[in-house]
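Derivation of every value follows stated rules applied to the coordinates shown; laboratory data play no part. Note that the structure is predicted; figures quoted are calculated from it, not measured. Ideal geometry is used to build each Cβ from the backbone, glycine not excepted, and the neighbour counts take in all protein chains shown.
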Amino acid sequence: MTPNQKALVTATVSTLKAHGVALTTHFYRRMFEHNPELKNAFNMGNQQNGKQQMALALAVLAYAENIENPSVLVQALTKIGHKHVSLDIRPEHYAIVGRHLLASIGEVLGEAATPELLEAWATAYGELATLMSGLESGLYQNAVNQEGGWTGWRPFTVQQKVVESTEITSFYLYPTDGGKVADYLPGQYVSVRLFLPELNLFQPRQYSLSSAPNGEYYRISVKKEVGSQHPSGLISNRLHDFVEEGNIVELAAPAGDFTLKTAKQTPVVLVSGGVGQTPLLSMLDYLVDSGSSREVVWVHGSRNAQVHAFREPVAQLAARQANMQQHIFYDTLAPSLEIEGHYAGIVDLQKLNVGTLLPEADYYVCGPAPFIRKQVQDLTAMGVSPTAIHFEEFGPATLTL
């Protein structure tokens with residue numbers, strides 16, 4: 001990009017701050033009108049609740065703000081690249097998105113969208129598309145280079161369906177073709193794709209892998225969205241209510257950059273809320289199975305014991321890990337659970353100050369966005385370096401902490 005083009009892009013920052021969501025909303029509406037086949041690749045639940053529009057608006061704004069030095073966005077772009085690979089996004093899709101994005105800029109900004117501005121954004125988008133396509137090509141290549149690896153969608157058979165709590169059920173997924181499955185890093189996820197007759201669309205959803213890699217199957221543990229007919233709950237509810245043992249689902253290869261730093265020997269603090277424990281459970285399972293001597297702190301919050309999944313499996317893992325402590329928070333604490341390591345209320349790391357502030361520890365946080373925000377703020381206030389705090393937000397990325 002020329003200096004003048006960069007200046008033109010930077011000049012749109014104030015407009016993007018004020019009208020970014022309006023722009024991305026117009027963009028998605030336009031793209032789905034002209035390319036309805038892409039509805040099969042996008043989570044239509046996140047379209048309805050506005051999360052996808054917000055996430056794209058934030059991403060476009062961040063790119064405009066850092067157009068002079070896009071390298072500061074590497075971590076964010078890597079996260080997006082993993083998500084794209086899990087959805088089988090290919091280079092040709094960038095051309096479609098670019099066409100509709102530029103048209104949307106012109107249609108939303110009107111006379112303010114001068115030919116020079118549109119050319120500057122076309123150049124900026126072209127450079128971004130080239131960067132992302134290259135990053136994703138590497139991820140696809142890594143996937144197929146592994147034993148049992150693949151790209152695109154692969155059929156898997158549900159061989160076991162195990163109820164873990166009143167809300168969460170685990171699905172044990174084996175390749176229908178009888179082959180092996182690729183290993184993955186503890187904390188990664190897979191995309192599951194089902195056909196929804198209600199929408200007449202295929203719909204993909206990401207679910208964290210909830211066990212250590214084993215080369216034979218993948219396990220996902222899914223929360224049922226009780227009473228939800230909204231598209232954001234349709235896949236989860238269909239898995240619970242209609243997908244039975246013996247049924248076939250389609251999976252993309254494991255992806256995601258929220259992963260355990262397996263090469264380190266320093267302590268690990270795992271902090272989760274609700275179903276947010278699933279990627280952390282994979283990390284814990286891996287640490288125990290690999291015979292790690294690392295000190296582990298497990299902090300988990302649930303509404304009550306009935307919805308608390310994996311209570312016994314985690315206790316069994318803790319019994320095999322010499323250096324592990326558990327802290328459990330319930331919104332309401334029954335008298336029978338007023339025992340050591342159990343607390344009433346939401347997860348509050350301040351109560352565990354000494355127990356969770358471990359020298360050189362890495363902190364992994366997963367749960368709803370408000371939960372993540374509170375834990376990250378508390379850890380920062382307690383003196384933990386931001387570089388030691390890692391978090392995963394389910395759904396489109398809207399947190400910038």
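Could you tell me how many cubic angstrom of Cα convex hull volume the stretch 3-145 has per residue? If you can, show how the numbers build up before the last one.
Working: hull volume 15.3 nm³, N = 143.
Enclosed volume per residue, from the Cα hull, is 107 Å³.
Given 0.36 nm per residue, what is the gain on full extension from GLU92 to ASN69 after removing their alpha carbon distance, in nm? Could you put the intermediate results ahead of the total?
Values: separation 23, 0.36 × 23 = 8.28 nm, distance 2.60 nm.
Difference between extended and current length: 5.7 nm.
Order by neighbour count: TRP121, TRP153, TRP298, fewest other Cβ atoms within 10 Å first, most last.
Working: TRP121 22, TRP153 18, TRP298 25.
Listing TRP121, TRP153, TRP298 from fewest to most nearby Cβ atoms yields TRP153, TRP121, TRP298.
Using a 10 Å cut-off around each Cβ, can you sort VAL162, VAL9 from fewest to most neighbouring Cβ atoms?
VAL162, VAL9
What number, in percent, do you get for the relative contact order of the chain if the mean sequence gap of Cα pairs under 8 Å and at least 6 apart is divided by its residue count? Show your work: numbers first, answer last.
Details: 663 pairs, mean separation 59.5, N = 401.
Computed value for the chain: 15 percent relative contact order.
When you take every Cα atom in the stretch 244-304, what is the radius of gyration, and what is Dmax, the widest Cα pair distance, in Å?
Radius of gyration, then largest Cα-Cα span, for the stretch 244-304: 14.5, 42 Å.
As a footprinting exposure proxy, order SER293, SER191 by other Cβ within 10 Å, with the fewest listed first. Intermediate results must be reported in sequence, preceding the final value.
Working: SER293 10, SER191 20.
Arranged by neighbour count, lowest to highest, SER293, SER191 become SER293, SER191.
Could you work out [θ]222 nm for the chain from helices alone, using -39500 (n - 2.57) per DSSP H run of at least four and dividing by all its residues? Round to the nearest 500 deg cm²/dmol. Intermediate results must be reported in sequence, preceding the final value.
Details: 12 runs with 164 residues, N = 401.
Calculated mean residue ellipticity at 222 nm is -13000 deg cm²/dmol.
Can you give the Rg and Dmax of the stretch 268-393 based on its C-alpha atoms, in angstrom?
13.6, 39
Just to confirm a number: summing +1 for Lys and Arg and -1 for Asp and Glu over residues other than GLU164 whose beta-carbon lies under 10 angstrom from that of GLU164, what do you get?
Values: positive: LYS223, ARG311; negative: GLU167, GLU312.
That works out to 0.
Can you tell me the Rg and Dmax of the stretch 154-251, counting just the alpha carbons, in angstroms?
Here Rg and the maximum Cα pair distance are 13.0, 37 Å.
Of the beta bridges DSSP finds with both residues in the chain, what % are antiparallel, to the nearest 5? Please list the in-between numbers first.
On the way: 29 of 55 bridges.
Antiparallel: roughly 55 percent of the beta bridges in the chain.
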